[in-house]
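In what follows, a single structure is set out as structure tokens and then discussed.
Read-outs: derived from the displayed coordinates by stated rules, not from any lab. These numbers were taken from a predicted model, which means no experiment stands behind them. Counting neighbours? That spans all protein chains shown, and the Cβs are built from the backbone with ideal geometry, glycine included.
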Amino acid sequence: MRTSAVIPAAPARREAARPDSGRLDSARLDAARLGSARLSTGRLEALAGFYAANLTLRPRFTKGSRWARLVLAGPDHEAWLLAWLPGQGTELHDHGGVARPAAAAVAVVSGRLTEFTVTPGDFPGLHRKALAAGDVSAVDDRTVHGMRNDSGAPAVSLHVYSPGLEAMRTYLLDETGLAPSRIKRAGEDW
Ligand SMILES: [Fe+2]
């Protein structure tokens with residue numbers, strides 16, 4: 001089992017988050033139970049902000065590839081904590097390809113990150129967005145994007161996916177267009 005719940009369960013959809021609701025929930029949920037239900041990007045943004053604000057796990061910073069840890073798995077979403085040293089980033093990717101695409105939201109816990117989103121069309125380009133601590137950004141299940149720490153300081157981010165993230169398909173973007181490259185399994189090939 002690859003799950004470990006180190007952040008509290010999110011409040012019910014209509015329940016307001018309370019300051020004292022950030023206690024560690026020791027319940028372990030099996031990622032294999034994740035279904036195909038998708039939460040809206042608005043709900044994902046709210047969850048990412050809630051989890052980021054109530055985080056109890058201290059991230060680690062590792063040279064080479066960025067550090068990533070699955071911190072919560074529920075029936076319709078899961079949350080990952082990522083730590084980025086300066087210069088660390090992802091390739092352009094989607095969240096599951098055609099088999100089980102996931103929508104996502106990322107909340108920056110600390111530091112600064114840059115998100116690159118592919119603008120679709122006959123001549124796709126990249127839209128660049130700067131994200132600072134407290135910012136939340138969402139993508140739907142068809143978006144191809146990438147993230148990188150272009151700052152000079154470490155950064156931490158909390159990512160929520162719905163349904164859970166099984167794999168990412170990476171892409172190459174050049175003057176000929178956007179082309180799929182590889183499939184990476186979540187948490188294993190990152
Ligand atoms: Fe992503």
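May I ask you to compute the full-extension gain from T114 to T62, defined as 0.36 nm times their residue separation minus their alpha-carbon distance, rounded to one decimal in nm?
Full-extension gain reported as 16.8 nm.
Taking the simple approach of a point 7 Å from Cα along Cα-to-Cβ for both R185 and A37, what is their distance in nm?
It works out to 2.7 nm between the two label points.
Under the classification rounded if a/c is under 1.5, otherwise prolate if a/b is larger than b/c and oblate if not, where does the stretch 44-182 fall, given a ≥ b ≥ c as square roots of the Cα gyration tensor eigenvalues?
It is oblate, given that a/c is not under 1.5 and a/b is not larger than b/c.
Would you mind ranking E175, E45, E78 by Cβ crowding within 10 Å, fewest neighbours first?
Starting with the residue having the fewest Cβ neighbours, the order is E175, E45, E78.
Within the stretch 82-120, name every residue whose backbone N is under 19 Å away from a label modeled 7 Å from Cα of R142 along the Cβ vector.
Counting only backbone N, you get 93-105, 117-120.
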